[in-house]
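The values are calculated or read from the model by the stated rules, or taken from the named source; none is laboratory data. Keep in mind that what you see is a predicted model, and the values were worked out from it rather than measured. Positions of Cβ are generated from backbone atoms using ideal geometry, with glycine treated the same way; all protein chains shown enter the neighbour counts. The area values use the complete protein model at the heavy-atom level, side chains included, leaving out ligands, DNA and RNA. Shrake-Rupley method; radii C 1.70, N 1.55, O 1.52, S 1.80 Å.
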Amino acid sequence: MKNYRLSIGGMSCAGCVASVETALNSVPGVEEAVVNFAEHTAVVTGEMDIADVISAVKAASYDAAELKGGDEEAAEKEAIEFAYYRALLKKAGVAAIVGVPLFVGGMTGWFPEIDSENGQLTWLLLGLLTLGVMVYSGKHFFTGAWKSFRVHNANMDTLIALGTGAACLYSFVIVLFPDSVPSLARHAYFEAAVIIIGLINFGSALEMKARGKTSEAIKRLIGLQPKTARVLRDGKEVDVAISEVGLDETLRVRPGERIAVDGVIIEGHSSIDESMLTGEPMPVEKNVGDEVSTGTINSSGTFLFTSKRIGSDTVLAQIIDMVRQAQSTKPAIGRLVDKVASVFVPVVLIISVITFLIWFNLATENAASYALVTTMTVLIIACPCALGLATPISIMVGVGKAAEMGILIRNGDALQQAGKLTTIVLDKTGTVTEGKPAVTEIVPAKDADENSLLTIGASIEAGSEHPLASAIAMHAREKELALLKVENFAAITGQGVSGLVDNQSVLFGNTSLMKNHHVDISQLENKAQQLSQQGRTSMYLAVAGQLKGIIAVSDPIKKDSIEAIQRLHDLGMKVVMLTGDNQLTANAVAKQVGVDEVIAEVLPQDKAAKVVYFQERGEQVAMVGDGINDAPALAQANVGFAIGSGTDVAIESADITLMRGSLYGVADAIAISRATLSNIKQNLFGAFIYNTLGIPVAAGILYPLFGILLNPMIAGAAMAMSSVTVVSNANRLRFFKSKRQVT
């Protein structure tokens with residue numbers, strides 16, 4: 001399945017989104033196409049030729065070019081946007097230089113009456129000057145409207161072109177044929193047309209400036225990639241461009257330098273600032289064999305490492321791609337708004353025609369002037385830009401802010417759903433606990449000793465990948481015990497392992513394993529229960545059907561789990577711990593961390609069913625696990641959180657990936673989601689209220705009661721500033737801060 005990002009040119013309002021998406025979805029092989037109006041980009045997924053995709057966009061009267069990422073593209077895009085920003089300011093300035101004197105002159109009587117001796121010539125010259133300004137400052141509105149008309153669409157350009165064009169045309173008719181209308185209606189609207197275009201250009205420039213701030217998270221992430229790397233070649237250290245670094249090359253990192261590519265330390269040790277990955281400010285100690293990631297900072301010491309992932313395969317590159325993808329997606333509320341926006345402009349055109357007919361037929365005097373002014377005002381004030389920006393601009397800022405805190409959100413729906421969660425289901429090992437268990441007790445039976453018990457247990461567990469097995473093997477290595485040969489090894493899901501050690505059958509696992517093989521555990525059963533009540537996981541070892549002892553392992557609780565779970569409670573969450581461990585051990589851990597409910601002794605394949613259990617009771621459920629073993633439950637949950645740290649995390653396994661190994665990330669993600677949804681609702685409320693109140697006032701609903709008509713220039717200013725207001729409100733999310741307690 002191919003995935004392309006496109007830069008889309010020529011979009012002027014939310015109505016354009018539906019047109020571009022329709023064009024993209026018409027291409028054979030396209031599975032999904034999502035257009036982001038705030039960023040003027042599109043993400044297209046499917047099996048298709050990119051040339052066909054670009055051609056389809058151009059056939060719909062828009063421009064398109066493929067985005068391939070990287071520093072150069074980002075710099076080029078920023079330069080193009082800055083140039084366009086400057087151009088908009090110049091166009092607004094030229095319109096102001098002509099429009100303001102025209103407005104002041106008309107108000108103060110500088111200019112002669114149109115039907116006076118010199119008035120017609122004066123106003124004709126002013127009209128030609130206005131026309132020149134409209135061509136320079138407003139040409140893009142008229143060309144955009146014409147392109148939309150050719151493909152039977154209507155957008156913001158259509159409204160502005162019709163409104164200002166009608167004002168200019170009416171004014172020329174008045175100047176050239178003043179006797180064609182009553183004397184009271186002989187008023188030219190050249191200044192209105194020019195000032196409206198100036199105000200809209202100025203508003204667009206301010207909006208673009210504000211929109212630039214919404215992508216600062218991506219810019220910062222891209223800026224983390226070093227430009228050069230120090231590589232050991234032919235026994236010498238040489239600085240090379242980052243693009244020239246290959247796999248399995250040896251690189252040197254000195255204090256204060258950023259790490260160029262992902263790799264594994266082969267010599268030396270240091271502390272690494274991984275805050276750009278995990279959001280955690282404290283440096284992490286790294287030794288030989290540990291992984292290091294692109295963009296992280298070497299705080300102290302120097303070391304050599306071998307490159308293992310380069311270019312687009314690095315963790316940083318994947319994060320950048322993931323954030324971009326998420327910023328370009330739409331939550332359900334965004335798709336609904338797009339549907340509304342797609343019919344908004346046609347509805348406004350119908351309202352403007354009705355407005356014109358009502359005033360032209362019912363006004364007792366100056367009918368033509370009133371009809372023109374109200375129609376023009378309706379067209380100008382009703383631009384749906386604010387409506388189109390309301391959702392995507394907040395999504396961009398929210399997703400970017402989350403990435404800065406080590407929270408990678410895969411799509412807009414996950415961001416929206418996270419704010420609606422009611423129940424958080426936590427895996428125990430590696431989520432609530434460190435996931436790095438250690439042997440705490442070895443309890444031999446009457447005819448056994450500790451070393452023999454540990455030797456047999458470590459030998460049979462050598463073939464297992466379970467975290468408890470690693471703890472036992474590590475303990476045996478620390479005691480320098482030699483492992484024995486194992487044959488016929490078998491892992492028994494949810495129970496333990498079996499095999500032949502020195503030609504004797506060995507069972508090593510929980511109570512169920514012993515009972516299923518009729519092993520008498522009565523002499524140590526009470527001891528095992530005591531250890532379980534203390535939070536230890538006890539495993540029985542039996543040789544030739546006889547119990548030889550217990551090895552107890554404890555997985556320490558993460559230092560911030562208690563505070564993080566309390567914060568989830570403060571957010572109104574019900575917190576459930578789901579584990580395959582025995583009930584006594586699970587209860588001991590649950591009591592320490594303060595969860596609401598414990599479900600223990602659950603097999604991995606049954607975890608998804610437990611998630612369904614809560615969903616069937618009307619709960620919105622999040623599953624928090626390691627992203628691999630808990631995959632079915634993560635997929636079943638309304639929102640799946642993959643929790644991990646740094647490069648160990650599986651970033652493709654869940655809706656939301658937490659780059660740091662802390663439950664605080666879950667609370668932060670929920671808080672960011674709620675803040676983003678609140679921001680979207682504020683934006684939509686403002687946009688709908690603006691149009692709901694603005695259009696009737698523009699149409700003249702207040703005139704019969706108060707004699708008030710809205711000036712078209714005020715309508716232009718209101719329309720321009722509505723978009724700026726939405727973008728500025730979204731940018732408040734950049735100042736969101738975690739309420740994490742400092743310990």
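For D63 and R477 in the same chain, what is the full-extension length gain: residue separation times 0.36 nm, less their Cα-Cα distance, in nm? List each step's numbers first, then the result.
On the way: separation 414, 0.36 × 414 = 149.04 nm, distance 6.46 nm.
Stretched fully, the D63-R477 segment lengthens by 142.6 nm.
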- Note on the structure: Once phi for every residue in segment 287-300 is put through the Karplus expression 6.51 cos²θ - 1.76 cosθ + 1.60 (θ = phi - 60°), the whole-Hz ³J(HN,Hα) values, with Gly and Pro written as x, are 10, 3, x, 7, 8, 10, 10, 3, x, 6, 10, 6, 6, 8
- Here the Cα Rg-to-2.2 N^0.38 Å ratio for segment 666-736 is 1.51
- Translational diffusion of segment 543-642, µm² s⁻¹ [Kirkwood Rh, Cα pairs; Stokes-Einstein; 10 °C; 1.306 mPa s]: 106
- Item | segment 675-743, relative contact order in percent, only Cα pairs under 8 angstrom and at least six apart counted | 43
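Shape of segment 472-623 from its Cα gyration tensor (a ≥ b ≥ c, root eigenvalues): rounded if a/c is under 1.5, otherwise prolate when a/b > b/c, or oblate? Intermediate results must be reported in sequence, preceding the final value.
Numbers: a/c = 2.35, a/b = 1.89, b/c = 1.24.
Prolate, because a/c is 1.5 or more and a/b exceeds b/c.
Give the accessible surface of segment 418-475 per residue, rounded to a whole number of Å², with probe radius 1.4 Å and ligands, DNA and RNA excluded. Let's see the in-between values first.
Working: 2270 Å² over 58 residues.
Solvent-accessible surface per residue comes out at 39 Å².
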- Cα extents of segment 390-501 along the principal axes, largest first, in whole Å, come to 73, 26, 24
- Note on the structure: In this structure, the FRET efficiency calculated for K515 and V288 from their beta-carbon separation, with R0 = 41 Å, to the nearest 0.05, is 0.40
- Note on the structure: So, relative contact order of segment 564-640 in percent, Cα under 8 Å, 6 or more apart, is 24
- Item | Accessible area of the chain belonging to carbon and sulfur atoms, whole % at 1.4 Å probe | 57
- Residue by residue, what Karplus-based ³J(HN,Hα) values in Hz, rounded to whole numbers, does segment 546-552 have, using 6.51, -1.76 and 1.60 with θ = phi - 60° and x for Gly and Pro? 10, 5, 10, x, 10, 10, 9
- Could you grab the relative contact order for the chain? Cα pairs under 8 Å, six or more apart, rounded to a whole percent. 13
- Message: Going by amide H atoms built from the backbone, whose H comes under 5 Å of the H on D290, apart from near neighbours?
- Response: I265
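Grab the other residues whose beta carbon is less than 10 angstrom from that of A18, score K and R as +1, D and E as -1, and report the net. Intermediate values should be presented prior to the final figure.
Values: positive: K339; negative: E21, D338.
Once positives and negatives cancel, what remains is -1.
Normalized C-alpha radius of gyration of segment 256-415, against 2.2 N^0.38 Å? Don't jump to the answer; show the numbers that get you there.
Numbers: Rg = 27.7 Å, N = 160, 2.2 N^0.38 = 15.1 Å.
Normalised Rg, Cα atoms only: 1.83.
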- Query: So what's the Cα pair-distance distribution over the chain, bin width 10 Å, in %?
  - Reply: 3, 12, 18, 18, 16, 12, 8, 6, 4, 2, 1, 0, 0
- Rounded Å value of the spacing that divides the Cα centres of segment 1-17 and segment 425-487: 56
- Message: Net charge around Q504, counting only other residues with Cβ within less than 12 Å of its Cβ (Lys, Arg = +1; Asp, Glu = -1)?
- Response: 0
- Query: Across every pair of different alpha-carbon atoms, what Kirkwood hydrodynamic radius in Å does segment 232-310 reach?
  - Reply: 12.5
- Take the alpha-carbon centre of segment 223-279, take the same for segment 82-122, and report the distance between them in whole Å. 60
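Can you check what the Kirkwood hydrodynamic radius comes to for segment 78-190, Cα pairs only, in Å to one decimal?
Working: mean 1/r = 0.0640 Å⁻¹.
Kirkwood hydrodynamic radius for segment 78-190: 15.6 Å.
Nearest-5 percent of antiparallel DSSP beta bridges in segment 526-623? It would help to have the intermediate numbers written out before the result.
Values: 7 of 10 bridges.
Beta bridges within segment 526-623, antiparallel portion: roughly 70 percent.
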- quick shape note, segment 365-452: Cα extents on principal axes in Å, largest first -> 114, 25, 13
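State the antiparallel share, in %, of DSSP beta bridges confined to the chain, rounding to the nearest 5. Present the calculation step by step, with values, prior to reporting the outcome.
Numbers: 77 of 96 bridges.
Of all bridge pairs located within the chain, approximately 80 percent are antiparallel.
Kirkwood Rh over Cα pairs of segment 215-270 into Stokes-Einstein at 4 °C, 1.567 mPa s: D in µm²/s?
Working: Rh = 12.5 Å.
So the translational diffusion coefficient is about 103 µm²/s.
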- Once amide H atoms are built 1.01 Å from N in the peptide plane, which residues 5 or more positions from V486, or in another chain, come under 5 Å H to H? none
- Message: Tell me the mean residue ellipticity at 222 nm calculated for the chain from its helices only (DSSP H runs of n ≥ 4, each -39500 (n - 2.57), averaged over every residue, nearest 500).
- Response: -16500 deg cm²/dmol
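Using every Cα-Cα pair within segment 537-601, state what percent have a distance larger than 20 Å. Provide the component values of the computation, followed by the final result.
On the way: 829 of 2080 pairs.
So the pairs more than 20 Å apart make up 40 percent of the total in segment 537-601.
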- By the DSSP-based rule, helices of the chain that are at least 18 Å long along the axis (C-alpha) and have a mean Kyte score of at least 1.6 are 156-176, 332-362, 367-381
